[in-house]
Amino acid sequence: MASTRQLKSRIRSVKNTKQITKAMQMVAASKMRRTQEAAKASAPYEKAAAELMTYLAGQGATDNHPLFMRRKIKNRLIILAAADKGLAGAFNTNVFRRYLDVLQRDDANGVGNLTITIGRKASQFVSRLKDTSIIGSYEDMPDHPAGTTFHAILSTACNMYTNKEIDAVTVVYVQFINSITQQATALRLLPAGTEILIDPSEVRNFVADALYEPSVSEVLDAVTYRLVGSRLYQALLDSRASEHSMRMLAMKNATDNATDLIDDLTLEMNKARQSAITQELSEISAGVEAMK
């Protein structure tokens, strides 16, 4: 059995660790709430863009648009969104496993692929893989991705697709469902309109009755770019919300485990102290008996 001094030292060390994990849990919870609110705030914009896109597609305006053109997939661009740091439970592991599934399926079908990584952990993981090309690496992105970095990723994807350097763009990220449930997902970003965005019957009347100036084609160009951008933006928001949620849960589990460990060590220390006292009393009693 460990000495009382050793047990006290271990208890003090575990208490210090518990303070750190508790603080990280509170920070992650605060960040998760902010990213959730941001994801909800962007939903109306994405819905409006999806309505307009659905209406224009129904009018045949998207038939010859370069971002809507479908062709046999020979090369794919994968945008992999992971975390910059660890201590987020299975967040990075789940998204990397989904990324490997996409790579394996492409290899089986003879499809080449290029990768843009978002997050330091994503860059480190992909760089260790054989026969995988990274054409862009972005780290320390804010919780609300915007500015030159975000538009550089979006422009690269759209320009490469328009120039027929690639035939599909897929975003691999962790979809935020709720604070308990998150799911690693591969979302087809391009060609646009691959997935059904909204039921045509849900398009509101003012979208169909609107006048499009200067022309439908120019409106379509702007809307398509923004719609693709909004879906990428939503994916990155979901990824960040999932990261903070899983980090919060991981730190909560670590804090709970530290509490249980402190209780166990305290019990062991009390037993050790009691054993020492009992032994001292026995020795005193034996000494008294010997003096009689």
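The values are calculated or read from the model by the stated rules, or taken from the named source; none is laboratory data. Nothing here was measured: the structure is a model prediction, and the numbers come from that model. Counting neighbours? That spans all protein chains shown, and the Cβs are built from the backbone with ideal geometry, glycine included.
Below, the figures for the structure above:
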read-out: Residues that are in a loop (DSSP other than H, G, I, E, B) and surrounded by 13 or more Cβ atoms within 10 Å (Cβ to Cβ), drawn from region 67-84; value: LEU67, PHE68, MET69, ILE73, LYS74, ALA82, ALA83, ASP84
read-out: Close pairs (9 angstrom Cβ cut-off, 6 or more residues apart or separate chains): at negative phi in region 264-292, at pLDDT 70 or above and loosely packed, with under 11 Cβ neighbours inside 10 Å anywhere; value: none
read-out: Matching option when the condition is aromatic (Phe, Trp, Tyr), assigned to a helix (DSSP H, G or I) and surrounded by 18 or more Cβ atoms within 10 Å (Cβ to Cβ), among TYR161, TYR173; value: TYR161
read-out: Positions within region 176-195 being surrounded by fewer than 17 Cβ atoms within 10 Å (Cβ to Cβ) and modelled with pLDDT under 85, in sequence order; value: ILE177, ASN178, ILE180, THR181, THR194, GLU195
read-out: Members of region 82-118 found to be in contact with a strand residue (DSSP E or B) (Cβ under 7 Å, 6 or more places away or on another chain), under 24 Å from THR21 (Cα atoms) and either aromatic (Phe, Trp, Tyr) or at pLDDT below 90 (or both), listed by number; value: PHE91
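Per-residue answers, yes or no, for (1) in a helix (DSSP H, G or I); (2) more than 30 Å from ARG98 (Cα to Cα); (3) at pLDDT 75 or above; (4) not charged (D, E, K, R):
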position	(1), (2), (3), (4)
LEU197	no, no, no, yes
SER217	yes, yes, no, yes
LEU261	yes, yes, yes, yes
LEU265	yes, yes, yes, yes
ILE277	yes, yes, no, yes
